[in-house]
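See structure below.
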Amino acid sequence: MADLKESMCHELSGSVFLGVKGFWKKYLVDPEWFTLCAEIADSYVKRSGEEKLKFPTELEEASVWKWMKAVEKEIFKSSSNSNDSEPTGGQSSRSSKFTHVFHRSQYHTPVAGNIIGGQTDNQVDYFIERRDTSAEDKHHWRDIVVVGELTKSSPSRFLGKFLQLSVYMSEVFSAQPLRRFVHGFILFRPYSCSLNDISKSQRELVHALAAYMLMSDEEHGIDPSIQHHDDKIVIKLQVPGTNHKQEFALETEPFEWQKAPVSCGTCCYCNIDKKFVVKFSWRMTGRNSEAELLKLTTNVVGMAKLLEWRHLETIGNLRKGLEFTRQMVKDCRPKEKLFATPTVFVKKQVSVPKKSTSKTVVQIRKSESNYCGGINGSASKRARSSKNG
């Protein structure tokens, strides 16, 4: 873990923003399920004096985790399934007003090795999966939608805990290469927001945990236009010049992708029949997309033939409603190494984009003279959002 955290110090340098304004409003207030979250938080406040729901006086990991599971069982799931909350006036029950339901659950791993599909074996304090898993089953990084770090450490140890959480984020992106962003929290706060003292008031924490469990896949950064199956990935692309969308089946694993957390996130998939390649990548600001460049080339021997392409998402849209400033940039490097950083890492720093970038999917037919793995993405870097902002 120490080596991974050291690597993160340099990878994330210049790309971490703390105190991002607008996060709570965009992700936890504006969504349609806000009213339900507020009702659930109020319900907790009313019942917080019950023995099983009392917030622990000692913020030990085990006691806090026990409290979180009690809140899920007694407050979250009962709010979703209860029939005794029928309002007066003949209105429908609370749970029936909302399309979202609590179909996710909270988990933690007391020992390392209980989560498969990762680059290393780690013990994870807190995570939410997109599906219910029995306690006996192994968890998989591809199913994780939220990660968290439970600690009673003082804020002075924030950097170390933040880097540890970043390692978990890297595992999520590695197992889910097409993921747009990941939500997470540390010291009981979303780590791109301001500090909240939950030892004095747990209402905001209950609200946030309920929100994370109510969010749709898209609100968790999972592209809704891409369907993941056990044996394939299915994506629909629009046929150029028509309103028709054609469905394509891809292999489940990319044959080439950028694993760095700060990058264009380029990853390439072969289709099931290995007749063409689909490439996903964030486009750098101010540059032509690869699709636009390929359209300019015709009858060039050895050049990949562009079949179809489309824009999936823009950074501008993901950052809409959020405020980023240079004053928010957090230096992740240890103080004793601030003046000894190798030049190679300094060059990886990125500034806040002035214009939106977009994530583009390009379908390319293999050249007969080239192996499909020979098509490489751009080496330029972009801050792929492993932050809440």
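The values are calculated or read from the model by the stated rules, or taken from the named source; none is laboratory data. Keep in mind that this is a model prediction, so the values were computed, not measured. Cβ atoms come from the backbone with ideal geometry, glycine included; neighbour counts cover every protein chain shown.
Residues are listed down the side, and each one gets a yes or a no for (1) among the hydroxyl-bearing types (S, T, Y); (2) crowded, with 20+ Cβ neighbours inside 10 Å:
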site: I233; (1), (2): no, yes
site: E247; (1), (2): no, no
site: F255; (1), (2): no, no
site: S263; (1), (2): yes, yes
site: S281; (1), (2): yes, yes
site: E292; (1), (2): no, no
site: L296; (1), (2): no, no
site: H311; (1), (2): no, no
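For segment 92-132, a tally of residues being under 23 Å from W33 (Cβ atoms), touching a helix residue (DSSP H, G or I) at 6+ places or on another chain (Cβ under 9 Å) and either at pLDDT 90 or above or among the polar types (S, T, N, Q) (or both) returns 7.
In this structure, is A41 surrounded by 13 or more Cβ atoms within 10 Å (Cβ to Cβ) and not hydroxyl-bearing (S, T, Y)? Answer is yes for this residue.
For segment 353-376, the criterion of a residue being closer than 30 Å to F158 by Cα, among the β-branched types (V, I, T) and at pLDDT 65 or above is satisfied by no position. For segment 284-297, does any single residue satisfy the condition of being under 19 Å from V172 (Cβ atoms) and of a type outside the set (F, W, Y)? Looking through segment 284-297, none of the residues is under 19 Å from V172 (Cβ atoms) and of a type outside the set (F, W, Y).
Look at segment 254-273: where a residue is within 20 Å of E171 (Cβ to Cβ) and a partner is among the hydroxyl-bearing types (S, T, Y) and surrounded by fewer than 19 Cβ atoms within 10 Å (Cβ to Cβ), sitting 6+ places away or on another chain with Cβ atoms under 7 Å, you get K259/S174; C264/S378; C264/S380; T266/S378.
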